[in-house]
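A quick write-up on the structure given underneath.
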Amino acid sequence: MMVHNIVMKATKETISRQGKLTIFLVFTVIGSITVGVIPPLVLEWIVNSLTEQRKVSLLAIMLYFMLLSLSGILDAGKESLITVFGQKVTHQIRSIMCKKLRSLPADYYTRQDTGTTSSRFVGDVDTIETLFTSGIISMVVDACRMFSILAIIFIKSPGLGILMVLVLPLIYLLTRSFQKRMLAAQLENRQAVGRANNHIPDTLHSIQTLHNLHKEEYMEKRYDTYIQEGFCAVNRSNFYDAIYSPIIITVSTLLIAVMMILSAKGGWVMEFFGMSVGTAVAVISYVGKIFEPLESIGMEIQNIQSATAGIRRINAFLAEPEKEKRTEMSDTETTNPPAIGLQNLQFGYETNKEILRDLTFTVNPGEHITLIGRTGAGKSTVFKLLLGMYEPWQGAVKVYGRSASCIQETERRKLFGYVEQTFHSVPGSVLDQITLGDPSIRIEQVQKALSIVGLWNTIKELPAGINTLYRESLFSKGQIQLLSIARAIVSDPKILLLDEITANLDSDTEQRILEALQAASYNRTMLSISHRLYEYSGGKCITITNSI
């Protein structure tokens, strides 16, 4: 089974960083395999001693039970360490993916919905963890254990060893068949449960229409159908699970019975199958043990196949083209370049479909400019180009004489403050909503920004002040927009970008936002987007048009 580069790379880095964990894991794996096959041999010696009327010491009996206990401890330790090791590897894989995420261009996010990317970080990486918890390592351990038992059986009884070699492939095929049928039944059950769960809210949502059309009974029958489908699927899964163990027990019993019958025969048959009483006891124990790893191997192969599909999706994500690294270019034509300069700009998101054509304008430091134009004219696109999210097809986008796409990400927040129509919260406290986890922003800066927009006194009254866990219900719609403005100005940027931030507010709230913006825009360059002339623009308007 081929292991892909991402898993190999993450595994090597985990081994290099987690040396002690790796050593303990190797020790417990080897110990689990070795100690697991020894107790029946000790039991063989004890039984043979008793049948030959030799004295058995208490130490030998204690040794047998100690080995059984040690085998259980090593098995538990092995499972725990494999789980921890797998979690370390998947943590490393997610770290690699996060680095990749930061280097992706903006058009990746327009091509991919957030659900697809999230599923790769969560679902696909979780399937890789099964490579360790119940995949490659576990399969190697089970295979070594099975071959060790088989070798001992061959030594003790060559005839029984040959019987086991003949029977094991059949048992494996039977095991895989049962596992596939159980998996299919479990999948059917999940689908049926999903349909039943979706049916309830759909019914409640349309309850008035159902009453009017007298369709309540029809919806009840559909719900009963989904429940019955799930019930039948669970019954099939339980049936296969219930009959599998009796089949294995019956097969192992038949093998032992055949061995006993043939060992009672005379001549070469007895030599080929015969054994002492103690050996018979040991072999019976081994025959029971050999089917356990065989059953596990079938499920581990299934897990490896699932993990391989997840690895392919992650590899596809890591193969996405990254943002081009460009060197910074200074504007040498003028000693005092404008704050914003667009020259003969041409751009579109799709080939042969322009949004902006021959757009040229400048914004001097301290100016307040409003971009107006109909929906789809490209006003928000101008912002995206200024923020370096896209490269223009032709022309130039300059910020203080430098190409917008060449400005380092660490500099952008000191250059730009961006206020969108919708406030996008992050997990954490109210403080985290302002700083976005930037350790360079001091609490004094946060207090100043909140004071400018008029929110500081409100936030001080919260249960834990600025460290209160953020919930949307803590603030009104207008206050949330003020929070967005505070986030934009906390790092004291030179340029404010405002994207129709009062479009969905009532007149009273809008007036409060405008007053906050007048304070926030003091001594700053401001570029805003609007369908109408906002009174806070305080300067000229630029109309954006396109050929669409």
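The values are calculated or read from the model by the stated rules, or taken from the named source; none is laboratory data. This one's a predicted model, so the numbers in the text were calculated from it and none came from an experiment. Virtual Cβ from ideal backbone geometry, glycine too; neighbours counted across all protein chains shown. What goes into the accessible areas is simple: the full protein's heavy atoms, side chains included, and nothing from ligands, DNA or RNA. Shrake-Rupley method; radii C 1.70, N 1.55, O 1.52, S 1.80 Å.
Could you tell me which of rounded, prolate or oblate describes the range 464-503, using a ≥ b ≥ c as the square roots of the eigenvalues of the alpha-carbon gyration tensor, with rounded for a/c under 1.5 and, failing that, prolate when a/b is larger than b/c and oblate otherwise? Oblate, since a/c reaches 1.5 and b/c is not below a/b.
The angle separating the long axis of helix 443-453 from the principal Cα axis of greatest extent in the chain is about 50 degrees.
On the beta carbon distance between S103 and D202, with R0 = 45 Å, the FRET formula returns roughly 0.60. Legend: residue pairs K398/K540; K78/K289; K460/K494; K353/K384, Cα-Cα distance threshold 24 Å; pairs beyond threshold, K460/K494. Only helical runs count toward this figure. For the chain, summing -39,500 (n - 2.57) over DSSP H runs of n ≥ 4 and dividing by all residues gives -21500 deg cm²/dmol at 222 nm. If a spin label sat at a point 7 angstrom from the Cα of K20 along the line to its beta carbon, the backbone N atoms of the range 68-86 nearer than 18 Å would be those of 77-78, 80-86. What you get for the range 1-56, charging only the Cβ of Lys and Arg (+1) and of Asp and Glu (-1), is a dipole of about 280 debye around the Cα centre. For the chain, the per residue solvent-accessible surface stands at 54 Å², with DNA, RNA and ligands left out and a 1.4 Å probe.
Mind jotting down the distance between the C-alpha centroids of the range 412-491 and the range 4-76, whole Å? After rounding, the separation between the Cα centres reads 57 Å. For the range 1-94, the spread of Cα positions along the three principal axes, ordered from largest to smallest, is 63, 25, 16 Å.
Of the whole protein surface, E300 contributes about 10 Å² of accessible area at a 1.4 Å probe radius.
Taking all Cα pairs closer than 8 Å and separated by 6 or more residues, the relative contact order of the range 22-101 comes to 44 percent. The accessible surface of the range 39-152, taken with every protein chain in place and a 1.4 Å probe, is 68 percent carbon and sulfur. By the gyration tensor of its Cα atoms, with a ≥ b ≥ c the square roots of the eigenvalues, what is the shape of the chain: rounded for a/c under 1.5, prolate for a/b over b/c, or oblate? Taking the square roots of the gyration eigenvalues as a ≥ b ≥ c, the chain is prolate. Write out the trypsin sites (Lys or Arg not before Pro) in the range 48-117 meeting two conditions: DSSP loop, and at most 12 other Cβ atoms within 10 Å of their Cβ. In loop regions of the range 48-117 (DSSP not H, G, I, E or B), the sparsely surrounded trypsin sites (Lys or Arg not before Pro) are R54, K55.
Measure nothing but the geometry: give the 0 to 90° angle between the long axis through the Cα atoms of 277-318 and the longest principal axis through the Cα atoms of the chain, rounded to 10°. Approximately 20 degrees, to the nearest ten. Let me know the shape class of the range 408-452, please: from the alpha-carbon gyration tensor, a ≥ b ≥ c as square roots of the eigenvalues, rounded when a/c is under 1.5, otherwise prolate if a/b is greater than b/c, or oblate. Because its axes are fairly even, with a/c under 1.5, the range 408-452 counts as rounded.
Taking a quarter of the surface of the Cα convex hull of the range 189-244 gives a mean projected area of 3.7 nm².
Please compute the net charge surrounding S206, taking Lys and Arg as +1 and Asp and Glu as -1 over other residues with Cβ under 12 Å from its Cβ. Neighbourhood net charge equals -1. Restricting the chymotrypsin sites (Phe, Trp or Tyr not before Pro) of the range 362-440 to loop positions (DSSP other than H, G, I, E, B) with no more than 14 neighbouring Cβ atoms within 10 Å leaves W393. Percent of Cα-Cα pairs more than 17 Å apart in the range 161-212, please. Looking at the range 161-212, the distances longer than 17 Å represent 62 percent of pairs. Once the Cα atoms are used to define both axes, helix 158-205 deviates from the longest principal axis of the chain by about 40 degrees. Looking at the range 334-386, the trypsin sites (Lys or Arg not before Pro) that sit in a DSSP loop and have at most 13 other Cβ atoms within 10 Å of their own Cβ are R374.
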